[in-house]
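The values are calculated or read from the model by the stated rules, or taken from the named source; none is laboratory data. These numbers were taken from a predicted model, which means no experiment stands behind them. Cβ coordinates were reconstructed from backbone atoms using ideal geometry, including for glycine residues, and neighbour counts include every protein chain displayed. We work out accessible area using only protein heavy atoms, side chains counted, and drop any ligands, DNA or RNA first. Shrake-Rupley method; radii C 1.70, N 1.55, O 1.52, S 1.80 Å.
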Amino acid sequence: MKVEVGFRLNGYEVRAEVEPHLRLLDVLRDTLGETGTKEGCGEGECGACTVLVDGAAINSCLFPVCEAAGTSVMTVEGLAEANGALSPIQRAFLDHGGAQCGFCTPGIVMAGVALLAENPNPSDAEIRYSLTGNLCRCTGYVQIVAAIRAAAVATRGERGD
Amino acid sequence: MTDLLHIGRDVPRPDGADKVGGKALYIHDITRPGMLYGAIKFSEHAHARIVRIDTSRAQRLPGVRAVITGDDVPEVRFGFMRDNLALKKGKVRQFRDEIAAVAAIDPDIAKEAVDLIDVEYEPLPGLFTTADALADGAALIHETDPTGRPVTSNLVPAACSHRSGDLEAGKRASRFVAEGHYTVPRIQQASLGTAGCIAEFDLNGNLTVTAKTQIPFLAQRDFTNALRALGIKDKNVRVVVPAVGGAFGSGLDTHAYEYISILLAWHTGKPVKILYDRYEEFAYLSPRQSAELFIRQGCDENGKLTFREIEVTQDNGAYVSWGATYPNVMLVAATSLHRVPNVYFNATIVYTNNTYCQAMRGYGNPEVTWGIETNLEELAEKAGIDALEMRLLNCNQPGDVTPMGLNLQSCGLRECLEGTAEALDWDRTRSVSRRPGRGVGMAALINVGGGGKIYRSDGSGIILKLDDFGNVNVSYGGVEMGQGLHSALSLMVAEAVGVLPERVIINQTDTATAPWDVGTHASRGAFMAGNAARIAGARLRERIFALAEQVYPGEVERNLAALGEGEGLDEFDFRSVTRDGFDLRNGWLLCKDAGDEPWLRVELGRFLRAAHFAKEGGTGTMFTEEAFYEPPTDLPDWSAGYGNMSAAYTFGVQGVEVEVDEDTGEVTILRMVAVTDGGRVLSRQAAEGQLYGGIVQGVGYALYEEVHSSEGRILNPGFTDYKIPTAADIAFPIELQWVETNDPEGPFGAKGLGEAGIVPTAPAIANAIYDAVGVRIRDLPITPEKVVQALAAKVGE
């Protein structure tokens with residue numbers, strides 16, 4: 001039996017008739033066609049499916065879609081401007097080599113967004129600690145940490161902090 | 001080389017924006033109209049006869065469109081020894097053997113149907129160690145070879161050995177000898193994007209496979225052979241590669257799931273997708289090959305190496321894939337890392353009922369370097385010589401031809417050793433007064449840097465197509481899987497043609513449009529693509545400059561009309577410039593001998609349109625050039641272990657400082673340094689990314705990664721129990737330095753870099769641990785348990 005679930009996705013109201021057992025990840029990817037969010041393990045270990053629910057970074061592979069009802073969900077597709085201009089953190093990942101194969105990247109970028117919202121001036125250790133739930137096999141994390149560090153500076157600059 | 005405009009720049013990767021924006025399409029993200037989902041029934045025994053397969057309950061499940069077993073479809077053999085079947089018949093030889101498969105309208109129904117397939121087995125004794133498999137009277141894992149001839153042992157017929165100089169004389173000349181057994185485990189490539197494919201036939205009977213592969217053209221050949229097995233002849237197979245979510249060697253062979261997807265598509269007439277989940281990726285895909293090594297090296301009283309002897313035994317698992325050929329690559333370091341005169345190498349590959357193994361970054365080299373560089377330090381200690389000094393004393397030199405016949409045209413190993421020592425402050429930190437539990441170590445590497453000839457061609461084709469707007473569309477057969485091939489290639493094409501890198505458009509590989517390439521492995525992609533691009537780029541320039549003799553004057557006149565008369569017009573005769581007088585830089589056609597006044601520059605797109613849409617009386621032309629680069633290398637004779645298999649060789653040294661907790665055995669890395677001779681750096685961001693990434697994989701290999709199994713069943717098939725390094729584990733600085741030798745065969749002087757990072761990390765760490773606390777760990781991974789046990793044993797001595 002399907003149920004109707006509604007939430008805000010990247011600033012727009014969405015409604016979907018879904019099987020209630022589905023995960024938020026399934027609905028984002030399969031029902032709503034937003035495939036930017038990836039499934040790397042399906043058991044909350046790798047973080048490739050990280051999205052923000054009401055600003056908090058969560059593993060959408062472990063998040064029942066019904067729990068998303070009435071919330072505001074943000075995925076990697078919601079970061080860039082309408083004209084395609086990348087957000088400061090995306091730009092920083094590009095400039096600092098934070099993406100290689102790119103499969104973990106949407107999740108790591110979203111984890112970075114959540115971190116910088118909470119802590120606009122993180123130390124490298126805080127960046128590393130905040131990413132322990134996001135696995136990357138390509139980069140060795142060095143350029144990812146550099147990207148988030150640079151994004152913190154750019155974001156503070158943009159706000160005039 | 002001072003005239004390069006783009007090589008060596010620190011620029012973003014061309015596929016980066018789509019990746020940070022979530023727009024890149026991986027196999028996970030692709031669907032086709034009417035597509036079915038495939039799922040596989042895997043064996044529940046490591047070694048058993050299949051008595052009966054009952055698929056009736058699965059067939060009846062609503063939503064199921066096909067259930068197939070090995071008895072329902074023609075036999076599809078694969079693997080380079082053709083000892084593997086897409087769907088097994090009669091017998092299973094490993095836990096992951098594919099017995100049956102389902103196609104259904106959604107993935108959940110497909111998996112449910114698989115669970116409804118009942119298989120009755122007659123279990124057979126399993127062979128899980130090389131010793132058991134080689135024991136007298138051991139059961140045969142394959143009773144016959146692929147042609148049906150009986151076999152007499154579990155040895156894999158993949159001879160690989162080497163003998164050079166006079167081993168006995170080398171031993172006699174030795175004042176000091178060190179020997180030991182060293183082992184390396186199976187590890188998982190652990191790409192974040194799991195494996196998968198979509199197979200579909202069109203109504204002409206041609207097959208398209210969208211595949212996560214590193215070998216689109218060898219896969220095309222393999223799938224064409226599979227079609228022949230189905231009785232489908234003279235049809236086309238097209239392999240299309242989507243964005244690849246990491247591969248690290250896992251895509252170097254074709255897989256049973258790909259053939260099963262083809263069989264299901266053929267059976268149903270629908271596109272069929274098979275996508276592995278993380279459990280399947282760990283449990284049913286081939287990991288890195290394990291190895292047992294016996295190594296003995298000797299030196300004279302001064303520390304000069306006198307001989308090296310290496311005996312390798314590999315637990316191949318149940319079928320032959322590229323794991324069986326790791327020894328071919330081990331030969332490079334075995335014969336040629338450091339100058340060593342008398343060398344013996346032999347490898348024995350053994351079938352067992354464990355999971356069969358495949359390629360992973362470095363492909364035998366990290367395995368053999370683990371043994372050589374650990375053993376070398378044991379030898380140095382016996383000889384009372386500093387390990388750095390011993391390496392410098394025996395250092396490879398440019399121009400050396402090694403015992404394997406490798407021609408080291410460029411070699412910066414000495415500079416790598418010196419740079420590492422300086423970064424570690426070796427003289428003051430090594431083996432001398434320091435804080436207890438702290439130590440430094442290093443290890444060196446040689447790796448193929450100009451391809452690795454293991455197939456009758458190691459070549460690559462490229463097509464450069466100029467459009468009407470000055471863009472260069474590149475078709476290349478290699479695969480971008482994250483390593484930065486497209487980063488390096490966009491810069492090299494820009495340089496070779498004379499355009500800006502952002503005007504170079506590289507599409508992921510499609511066998512329908514790209515020329516042949518042997519595959520993306522052996523750190524070869526940028527080297528091959530770059531050399532092919534240089535040839536094609538030079539041809540494009542030659543043709544453009546020839547036509548410019550006619551087209552250029554008219555375009556300058558248009559400039560003059562638009563701009564008004566230019567300065568210097570009197571001094572320069574733009575109407576009689578000959579082909580040798582032109583240059584093309586950053587998308588502008590120029591005259592070499594003139595100043596760069598705006599009226600003398602013609603934008604490439606405008607020139608191309610003028611050439612394409614010729615004026616009355618002229619003939620239009622377009623500019624597309626192809627080139628095929630075959631490196632000047634030998635396909636080695638593996639039984640003699642001789643041949644110059646690569647067109648260039650990459651060198652490097654990694655140094656590390658560690659702290660060891662003597663109570664818990666925990667090893668903390670304090671800092672690492674990697675000094676690398678990869679020739680000229682092409683894309684700085686990509687080169688650094690390859691080194692950082694390789695080193696961190698090396699840290700996992702050194703300290704914690706291992707695929708555990710019990711009687712052939714994998715015990716840690718997930719990230720919960722199989723730990724790869726996290727960001728918090730890499731809480732130490734990694735310093736990269738480059739020794740930019742300018743290799744004569746390398747494109748713009750570059751050598752391959754994809755694998756170098758992972759090669760010497762583990763022995764460098766082990767050597768630092770020994771320096772710190774005096775225990776020598778010879779079996780990877782170096783877990784705290786092993787360190788504590790070794791420390792306890794040392795106290796007991």
Every residue from the stretch B:1-46 that is under 30 Å from A:G78 (Cβ atoms), over 24 Å from the mean Cα position of the chain (by Cα) and hydroxyl-bearing (S, T, Y): B:T31, B:Y37
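The rows are residues; the columns are (1) in contact with a Phe, Trp or Tyr (Cβ under 9 Å, 6 or more places away or on another chain); (2) without any contact (Cβ under 8 Å) to a residue 40 or more places away in the chain; (3) assigned to a loop (DSSP other than H, G, I, E, B); (4) within 14 Å of chain A (Cβ to nearest Cβ).
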| position | (1), (2), (3), (4) |
| --- | --- |
| B:L4 | yes, no, yes, no |
| B:R9 | no, no, yes, yes |
| B:K41 | no, no, no, no |
| B:A110 | yes, no, no, no |
message: Would you confirm whether or not the stretch B:487-499 contains a residue that is part of a loop (DSSP other than H, G, I, E, B) and either touching a residue at least 40 places away in the same chain (Cβ under 8 Å) or polar (S, T, N, Q) (or both)?
response: yes
query: Which of (1) of a type in the set (G, A, S); (2) under 14 Å from the mean Cα position of the chain (by Cα); (3) within 11 Å of chain B (Cβ to nearest Cβ) is the odd one out, the single condition A:A85 does not satisfy?
result: (2)
field: Residues (open to solvent by less than 10 Å² (accessible area, probe 1.4 Å) and in a loop (DSSP other than H, G, I, E, B)) located in the stretch B:618-635
entry: B:F623, B:P631
- line: With the first residue restricted to the stretch A:123-139 and required to be more than 7 Å from every other protein chain (Cβ to nearest Cβ) and more than 19 Å from B:G246 (Cα to Cα), and the second required to be part of a helix (DSSP H, G or I) and open to solvent by less than 10 Å² (accessible area, probe 1.4 Å), Cβ contacts under 6 Å at 6 or more apart or on different chains are A:D124/A:V145; A:I127/A:V145; A:I127/A:I148
- prompt: Here is a list of conditions, (1) of a type in the set (K, R); (2) closer than 30 Å to A:T105 by Cα; (3) assigned to a loop (DSSP other than H, G, I, E, B), and B:K89 meets all of them except one; can you say which number that is?
  reply: (2)
message: As an exercise: evaluate A:G102 against (1) assigned to a helix (DSSP H, G or I); (2) open to solvent by less than 10 Å² (accessible area, probe 1.4 Å) and give the number of the one condition it does not meet.
response: (1)
task: Determine whether A:A154 is touching a residue at least 24 places away in the same chain (Cβ under 8 Å) and in contact with a helix residue (DSSP H, G or I) (Cβ under 8 Å, 6 or more places away or on another chain).
output: yes
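State all residues of the stretch B:744-765 that are within 21 Å of the chain's Cα centre (by Cα), not in a helix (DSSP H, G or I) and not hydrophobic (A, V, I, L, M, F, W, C); if no residue qualifies, say none.
In the first step, residues of the stretch B:744-765 are kept if they are within 21 Å of the chain's Cα centre (by Cα); the result is B:745-747, B:749-763.
Adding the requirement that they be not in a helix (DSSP H, G or I) leaves B:745-746, B:750-755, B:759-760.
Listed by number, the residues that qualify are B:E745, B:G746, B:K751, B:G752, B:G754, B:E755, B:P760.
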- prompt: Do we find a residue being open to solvent by less than 40 Å² (accessible area, probe 1.4 Å), at the interface with another protein chain (Cβ under 9 Å from one of its Cβ atoms), at pLDDT 95 or above and more than 13 Å from B:K19 (Cα to Cα) anywhere in the stretch A:106-118?
  reply: no
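Is it the case that A:E158 is open to solvent by 40 Å² or more (accessible area, probe 1.4 Å) and either closer than 24 Å to A:V73 by Cα or assigned to a loop (DSSP other than H, G, I, E, B) (or both)?
Numbers: open to solvent by 40 Å² or more (accessible area, probe 1.4 Å): yes; either closer than 24 Å to A:V73 by Cα or assigned to a loop (DSSP other than H, G, I, E, B) (or both): yes.
It is true that A:E158 is open to solvent by 40 Å² or more (accessible area, probe 1.4 Å) and either closer than 24 Å to A:V73 by Cα or assigned to a loop (DSSP other than H, G, I, E, B) (or both).
Does B:I454 qualify as being surrounded by fewer than 24 Cβ atoms within 10 Å (Cβ to Cβ) and under 15 Å from the mean Cα position of the chain (by Cα)? Spell out the reasoning first.
On the way: surrounded by fewer than 24 Cβ atoms within 10 Å (Cβ to Cβ): yes; under 15 Å from the mean Cα position of the chain (by Cα): yes.
So B:I454 fits the description; yes.
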- prompt: Do we find that B:F201 is within 26 Å of the chain's Cα centre (by Cα) and modelled with pLDDT of 95 or more in this structure?
  reply: no
task: Name the helices (runs of 4 or more DSSP H) wholly inside the stretch B:175-288 in which the number of residues that are more than 14 Å from every other protein chain (Cβ to nearest Cβ) is 2 or more.
output: B:216-229, B:256-268
field: Output for the stretch A:140-155, where each listed residue is within 14 Å of chain B (Cβ to nearest Cβ) and open to solvent by 60 Å² or more (accessible area, probe 1.4 Å)
entry: A:R149
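Can B:S487 be described as farther than 22 Å from B:G16 by Cβ and open to solvent by less than 10 Å² (accessible area, probe 1.4 Å)? Before the answer, list the steps.
Working: farther than 22 Å from B:G16 by Cβ: no; open to solvent by less than 10 Å² (accessible area, probe 1.4 Å): yes.
Against the criterion (farther than 22 Å from B:G16 by Cβ and open to solvent by less than 10 Å² (accessible area, probe 1.4 Å)), B:S487 does not qualify.
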